[in-house]
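K.L.:
Before we start, here is the structure in question, set down as structure tokens.
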Amino acid sequence: MPYIKRDIEDKILALSKEYSCILITGPRQVGKTTVLKQLMDAGREYVTLDDLEERGLAKRDPAMFLQMHSTPIMIDEVQYAPELFSYLKIEIDRGAAPGTYWLTGSQAFKLMELAQESLAGRVAILRMPSLSQHEIYGTGNCAPFTLALSALKAREATNAPADLAQMYERIWKGSMPGLVSGKFTDRDVFYSSYLQTYIDRDVQEQVQLADPLLFHDFVRAAACRAGQMLNVHDIAQDVGVSDDTAKRWLQVLEKSDVIFFLRPYSNNLLKRTVKTPKMYFFDTGLVAYLTRYSSPEILANGAINGAILENYVVSEVLKSYHNNAKECLLWYYRDSNSNEIDMVMESDGKLHPLEIKRSVNPGKELIGVFAHLDKASVPRGHGAILCIRPKLSAINSDNYIVPIWMI
């Protein structure tokens, strides 16, 4: 299968010249191992802790494990032997050269906690998401998404245009490398197997499940509410579990990078903003599979067409930051009078409101809600409507109309 170039590659190579240890985290099957194997030269040894003998040695005698393998080395699925971290710290403190240790691991939050405890200041941690639309359809380099006009113009040259039908095809197809590359052709079998493996190997380790099928139903109930304000009680009722169980299971989904939450923006000058987060999935293909949409055309006309488009946009913005090893200060805004802004991005000391619309010609009245941010302590900068418009345009000098394919 053809290799899909990843936007994070340059960052991995650059940090390998500065840090003795690089740790790539991310959800299952997003290509962590593939990208490092693509970048590694012939002199780097590769070992995976999926191998039970290697895993057993790494857990029983981590010092011997490191002695048995030459450096530089790539250790795959390092979360299976957290005992290694203390010994890696010793080797790094002894003066290991930059780029000596490349590590990969799933279960990001748990893994990052262990790495930060043992390797604080000694490891560069990169979060690798599933494929972005730029990686799948675009060319060249991709910077984090911002509303600087020069940056938006640059994106026009590196991203591939898409009309409404093509956009929903991207959303429905999803962003998992196994499907996008053509390695697997049966989408339903792929996602069914993906969920089964995820539940058996990741979820069971974090939660003692009496009925794995119940958790599968729970993920489906969550997918039906992607792009909406979180209502734990409704999800719990759908599946027949307690609210406390639903909260724990949502934490598992978040910790394993299946879902993420967008918190509401507020500060002490915005008194009547809501407190409830909105829930999104990193991969819209998984949402379309779980909600039983059998084609992009049916999805584009279905009940969740607006919510899943919003989910796609928010996840693509975040991916553009993760792929550049940067944090994205991103929220949404909603007050007690139901005034809502889909995304609020903070950068360079300003708030940038972003509205998402399933329209080719959004009206200028849509930017009226942006004025609610003028009460905040942080000044308002440029805003934008993200929509299906084929080309970059503007409502006025302060508010742009940005095609979603440019993210």
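The values are calculated or read from the model by the stated rules, or taken from the named source; none is laboratory data. Just so it is clear, the structure is predicted and the values come from calculations on it, not from any experiment. All Cβ positions, even for glycine, are placed from backbone atoms using ideal geometry, and neighbour counts span all protein chains on display. Only protein heavy atoms, including side chains, enter the accessible area calculation; ligands, DNA and RNA are left aside. Shrake-Rupley method; radii C 1.70, N 1.55, O 1.52, S 1.80 Å.
K.L.:
Count neighbours as other Cβ atoms within 10 Å of each site's Cβ, and list the trypsin sites (Lys or Arg not before Pro) in segment 278-346 that are DSSP loop with at most 16 such neighbours.
P.N.:
Passing both the DSSP loop test and the Cβ count: Arg292, Lys326.
K.L.:
What is the sum of charges around Leu392, taking Lys and Arg as +1, Asp and Glu as -1, for the other residues whose C-beta is under 14 Å from the C-beta of Leu392?
P.N.:
Around Leu392, the charge tally is +3.
K.L.:
Go through 26-37, 256-267, 191-202 and give me the packing order, highest mean Cβ count within 10 Å leading.
P.N.:
Packing order, densest peptide first, comes out as 26-37, 256-267, 191-202.
K.L.:
While we're looking at this one, here's another question. Quick one: if you stick a label point 7 Å off each Cα along the C-beta vector at His69 and Ser86, how many nm between them?
P.N.:
Each label point is offset 7 Å from its Cα along the Cβ direction, giving 1.9 nm.
K.L.:
Quick one: angle between helix 164-173 and the longest Cα principal axis of the chain, in degrees between 0 and 90, rounded to 10, please.
P.N.:
The helix 164-173 is inclined about 30 degrees to the chain.
K.L.:
Let me ask you something else. Calculate what fraction, in whole %, of the accessible area of the chain sits on carbon and sulfur atoms when a 1.4 Å probe is rolled over the protein chains.
P.N.:
On the chain, the fraction of accessible area on carbon and sulfur atoms equals 50 percent.
K.L.:
Gain in length, Asp398 to Asp188, computed as 0.36 nm per residue apart minus the alpha-carbon separation, to one decimal in nm?
P.N.:
Working: separation 210, 0.36 × 210 = 75.60 nm, distance 4.42 nm.
That works out to 71.2 nm of additional length.
K.L.:
Can you compute the FRET efficiency between Gln208 and Ala165 using 1/(1 + (r/R0)^6), with r the Cβ-Cβ distance and R0 = 30 Å? Round to the nearest 0.05.
P.N.:
Step by step, r from the Cβ atoms, then E = 0.10.
K.L.:
At 1.4 Å probe size, put Thr284, Thr291, Thr276 in order of accessible surface, largest to smallest. Walk me through the numbers before you get to the answer.
P.N.:
Numbers: Thr284 5, Thr291 25, Thr276 50 Å².
Final ranking, largest accessible area leading: Thr276, Thr291, Thr284.
K.L.:
Moving on. With a probe of 1.4 Å, find how much accessible area the chain has per residue, and write the answer as a whole number in Å².
P.N.:
Computed with neighbouring chains in place, this is 43 Å² per residue.
K.L.:
On to the next question. Hand me the tally of lysine pairs in segment 237-390: alpha carbons under 15 angstrom apart, and the pair either on different chains or 8 or more positions apart.
P.N.:
Number of lysine pairs found: 4.
K.L.:
Give me the distance in nm between label points sitting 7 Å out from Cα along the Cα-to-Cβ direction at Gln228 and Leu39, one decimal.
P.N.:
3.9 nm
K.L.:
Once you list every other residue whose beta carbon is under 11 Å from the beta carbon of Arg220, what net charge do they have if Lys and Arg are +1 and Asp and Glu are -1?
P.N.:
Its environment carries a net charge of 0.
K.L.:
Quick check: the angle from helix 187-198's long axis to the longest principal axis of the chain, C-alpha only, nearest 10 degrees?
P.N.:
60 degrees
K.L.:
Also: What residues have an amide H closer than 5 Å to that of Ala394, excluding those fewer than 5 places away on the same chain, when H is modeled at 1.01 Å from N in the peptide plane?
P.N.:
It is Ile401, by chain and number.
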